[in-house]
Amino acid sequence: MGVLENKARARTFYKYLSKVYDRINPFIWDESMRDEAIDMLDIEPDDHVLDVGCGTGFATEGLLERTDHIYGLDQSAHQLEKAYAKFGKRGPVRFHRGDAERLPFADDTFDVVWSSGSIEYWPNPVVALRELRRVTKPGGQVLVVGPDYPNNSVFQKLADAIMLFYDEEEADRMFTEAGYQDFEHVIQQSRPGSPRAITTVAQVPDR
Ligand SMILES: C[S@@+](CC[C@H](N)C(=O)[O-])C[C@H]1O[C@@H](n2cnc3c(N)ncnc32)[C@H](O)[C@@H]1O
């Protein structure tokens, strides 16, 4: 398990990274990739959408263009402070501080649950993926963006030491174990040579 697949360490990491997150983020995960991922979803203007690990609100901002009913959740108070500065603490987005593995929402609450760039920090990704499924209505969609596993063995060792990087086979295992039956993965990259993301869109089955 990578050093940052630990909730307390990830919180400390984001205490510092939050200061520069919005300047660094576009080198890895930019607007074109975000918008391409949002286009993989069917979001109607009345839909309720949850952004898990919303951070400073980068994806939240894109999702807000599709519906006004957006909820954001993150475990880092420092990242959320940056999001409040953009949207207001009680503005159009309903923010919660909380843990992806224990979502503070009832079963079947959301039409769509989104999570970009957060799964790599979750110590128990299958537990959290089950939570995403639980709070999504049957027939709703869950979209998760994570870092694609590198091909090169040196980068693989480095990646494994830091956080969760995974390939399609591992994504199949995690989503299946979390109770999803219908899903597909898309590899995203903003330009040749830049880091690749693995984006999974899953349909939530009936209970
Ligand atoms: C790389 S940022 C992604 C932010 C945003 N989703 C985006 O697309 O730019 C990862 C975020 O996941 C949050 N995070 C990590 N582990 C979490 C957990 N267990 N529960 C909730 N949030 C978590 C971090 O605090 C951080 O803000």
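What follows draws every value from the coordinates through simple rules; no lab data is involved. Only a predicted model underlies this, so the values are computations on that prediction, with no experimental measurement involved. Neighbour counts run over all protein chains shown; Cβ positions are idealised from the backbone, glycine included.
Just a few scattered comments:
- Distance violations [Cα-Cα > 25 Å] among Lys19/Lys137; Lys19/Lys157; Lys86/Lys157; Lys7/Lys157; Lys19/Lys86: Lys19/Lys137; Lys19/Lys157; Lys86/Lys157
- GNM flexibility winner over the chain from Gly140, Gly55, Gly193 (Cα, springs under 10 Å): Gly193
- Rough spin-label spacing in nm, given labels placed 7 Å along Cα→Cβ, for Arg23 and Asp68: 3.6
- Three-way shape label, the chain, alpha-carbon gyration tensor, a/c 1.5: rounded
- Between Asp39 and Met1, the modelled labels are 3.8 nm apart [label points 7 Å from Cα along Cα→Cβ].
- Choice from Arg130, Arg102, Arg34 showing the highest fluctuation, given a GNM over the chain with Cα pairs closer than 10 Å: Arg102
- Lys/Arg +1, Asp/Glu -1 at C-beta; the chain dipole; positive extreme among Ala202, Leu80, Ala59: Leu80
- Segment 112-207 shape via C-alpha gyration tensor axes, a/c threshold 1.5: prolate
- Net charge over other residues, Cβ less than 13 angstrom from the Cβ of Gln203 (K, R count +1; D, E count -1): -3
- Of the beta bridges in the chain, as assigned by DSSP with both residues counted there, near 45 percent are antiparallel.
- Amide H contacts under 5 Å for Phe95, placed H, 5+ residues apart: Gly72
- Note: relative contact order over the chain, using C-alpha pairs below 8 Å and six or more positions apart, is 22 percent.
- For segment 37-49, backbone phi angles converted through the Karplus equation (6.51, -1.76, 1.60; θ = phi - 60°) give residue-by-residue couplings of 5, 4, 5, 6, 9, 9, 9, 9, x, 8, 5, 9, 10 Hz, Gly and Pro being listed as x.
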